[in-house]
């Protein structure tokens, strides 16, 4: 099945007479961290792999930027209601809480109940030390500083600004005992 990146992206966001993105609309281009325009919803939906993630967030653009800076995500699209990113090639959708306005979860989202409790997203292959520094500097929190673990990773555990927990790390060299 094609990934979102391979599927090709279609129309650009609405532009004003000066050629700038409309206020409140999506922005693209190198300065925004966005690389693509967004396809129509059915095309995007059909392009997704067998497994991907959807996180409900307060501000999809802010979250997309956090993931871009902290985890090296590729931001494919971002607007006030939705963002499409890829972390290590895995598509992740970011929906604004308001897009779940009719969903049974909405009252808890609106009231700020902790998100993602009981789930930990794991990302292998990024140096945990700079990830922890970047997370703290960009609105996240460091739940566990980078350290060598008995399961053979050097990892940090961070929370994004919405509270989703990520364990990020690399393999310890063969034969190296966890500290």
Notebook entry, point to check: For residue 151, are the conditions met, namely being out of contact with any strand residue (DSSP E or B) (no Cβ under 9 Å at 6 or more places or on another chain), in contact (Cβ under 8 Å) with a residue 40 or more places away in the chain and more than 19 Å from residue 41 (Cα to Cα)?
Noted result: no
Notebook entry, point to check: In region 66-98, which residue that is in a helix (DSSP H, G or I) and more than 20 Å from residue 127 (Cβ to Cβ) is farthest from the chain's Cα centre (by Cα)?
Noted result: 98
Note to self: If residue 111 satisfies all but one of (1) modelled with pLDDT of 95 or more; (2) farther than 29 Å from residue 50 by Cβ, what's the number of the condition it fails?
What the structure shows: (1)
Next item on the list: Would you confirm whether any residue within region 154-169 is farther than 12 Å from residue 116 by Cβ, part of a loop (DSSP other than H, G, I, E, B), in the same structural domain as residue 128 (by TED's automatic domain parsing) and without any contact (Cβ under 8 Å) to a residue 60 or more places away in the chain?
Entry: no
Check: If residue 39 passes every condition in (1) in contact with a helix residue (DSSP H, G or I) (Cβ under 8 Å, 6 or more places away or on another chain); (2) more than 24 Å from residue 171 (Cα to Cα); (3) modelled with pLDDT of 90 or more; (4) part of a loop (DSSP other than H, G, I, E, B) but one, which one does it miss?
Finding: (3)
Margin query: Whether any residue in region 111-127 is in contact with a helix residue (DSSP H, G or I) (Cβ under 7 Å, 6 or more places away or on another chain), outside any helix (DSSP H, G or I) and either outside the structural domain of residue 51 (by TED's automatic domain parsing) or without any contact (Cβ under 8 Å) to a residue 24 or more places away in the chain (or both) is what I want to check.
Written below: yes
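The values are calculated or read from the model by the stated rules, or taken from the named source; none is laboratory data. Source: prediction; values computed, not measured. Every residue, glycine among them, receives a Cβ derived from its backbone with ideal geometry; neighbour counts consider all protein chains shown.
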